[in-house]
1. For residues that are in contact (Cβ under 8 Å) with a residue 24 or more places away in the chain and not in a helix (DSSP H, G or I), scanning just the range 118-153, find the one that is surrounded by the most Cβ atoms within 10 Å (Cβ to Cβ).
2. Residue 43 versus (1) more than 16 Å from residue 220 (Cβ to Cβ); (2) modelled with pLDDT of 85 or more; (3) of a type outside the set (A, V, I, L, M): which is the lone unmet condition?
3. Which residues, counting only those in the range 39-58, are closer than 13 Å to residue 174 by Cβ and either in a helix (DSSP H, G or I) or of a type outside the set (A, V, I, L, M) (or both)?
4. Going by the conditions given, is residue 163 under 16 Å from the mean Cα position of the chain (by Cα), hydroxyl-bearing (Ser, Thr, Tyr) and under 28 Å from residue 244 (Cα atoms)?
5. Name the residue, out of 234, 300, that is exposed (fewer than 15 other Cβ atoms within 10 Å of the Cβ) and under 20 Å from the mean Cα position of the chain (by Cα).
6. Looking only at the range 204-229, filter to residues that are more than 20 Å from residue 114 (Cα to Cα) and among the small types (Gly, Ala, Ser); which one of those is surrounded by the fewest Cβ atoms within 10 Å (Cβ to Cβ)?
7. Tell me yes or no: at least one residue of the range 17-30 is polar (S, T, N, Q), modelled with pLDDT of 85 or more and within 22 Å of the chain's Cα centre (by Cα).
8. Kindly check whether there is at least one residue in the range 246-262 that is among the hydroxyl-bearing types (Ser, Thr, Tyr), closer than 30 Å to residue 107 by Cβ and surrounded by fewer than 18 Cβ atoms within 10 Å (Cβ to Cβ).
Amino acid sequence: MKSCNSCKRMASNIEQKLPNNGLGMKLVDSIRYVGFKTTGRLPSPKGLASAVISLLQGDDYNIDELVRLIQSDPAIAGELLKFSNAANFGHSSPIVSIPKAVIALGTRQVSIIVSAFSVLRSHRMGKCTPFDYEKFWSRALATAISAQALASYTKFNAEENFTAGLLCSLGELALASVYPDSYGEIISKSDDRHNRIKLEQEAFGCDHRELGATLVLEWGLPLKLVTAICHCEAPDDAGFQEGSRIHELTLSLHVALTLADICVADGAARKEMLPSLYAKAARLGISAEEINSTAGDIIANWKEWGKQLKIQVLC
């Protein structure tokens, strides 16, 4: 157990990383967040991802050193190449080398993607029995691919949308990891998401949305993405101006979540969810015909990514 002074120093460091966001986003307070971190069970980048983050935190890092680090892990290197090509819209020449992938994506995006895949690899299972880890990652992947596909309609950055989609439910995994028994009881008590958030607040002093946003902000995601992640389950509750960029980004993640829920649902439930999807997509200016066509591409990409990442596609 860390000493009180050590915890205070950690809290001070976290406060510097998690500034007042000014966008109505509620984060976990620094002292409570220290409590989560000191358990050692929060989903966090490890191994190569941790080394990449440490390297990029320095002012004098060398791109060649970053490339060598990534190439030392063939699995991560392969995933990064696939992602950079998936995000490489409008270019006929495939990206076949890590140096070109790093240039195409930028160092910050590389760091975030490597971190996300690191967490995926190290949290494929856990001790929270009622938490369906396989379905969680299947849904997260479907959300990421859906968010990436919607970027072509909303004019948002496709690779950033993918990252936000992949991580937008991270707080649920965090609670399952830190409090497997208590969170398992909450999952068993309620299927209703709104009621579950209330139970999370009562049990942990925060909910999965706040914890997830705090985690990804500490990882270095841009503030606009963190804000969208925090509010994507209920975009209209955030109070953003209708039609503003932050509202549209948040709404696009909300639609991506709906598409992902349809992906992992059974056949009968899917049909019942379609009217809600069409209504939400229409708010982004996407017709029912367009979203149906896009959904076919999403499912195909979901299956392909699932095969590569060894994630069971629940379809």
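1. Filtering first and then ranking leaves 128.
2. (1)
3. 39, 40, 41, 43, 44 - these are the residues of the range 39-58 that are closer than 13 Å to residue 174 by Cβ and either in a helix (DSSP H, G or I) or of a type outside the set (A, V, I, L, M) (or both).
4. Against the criterion (under 16 Å from the mean Cα position of the chain (by Cα), hydroxyl-bearing (Ser, Thr, Tyr) and under 28 Å from residue 244 (Cα atoms)), residue 163 qualifies.
5. Unique residue meeting the criteria: 234.
6. 205
7. Checking the range 17-30: at least one residue is polar (S, T, N, Q), modelled with pLDDT of 85 or more and within 22 Å of the chain's Cα centre (by Cα).
8. Scanning the range 246-262, I find no residue that is among the hydroxyl-bearing types (Ser, Thr, Tyr), closer than 30 Å to residue 107 by Cβ and surrounded by fewer than 18 Cβ atoms within 10 Å (Cβ to Cβ), so the answer is no.
The values are calculated or read from the model by the stated rules, or taken from the named source; none is laboratory data. Everything numeric in this text was worked out from a predicted model, so none of it was measured. Because the Cβ atoms are built from the backbone with ideal geometry, glycine has one as well, and the counts that use them run over all protein chains shown.
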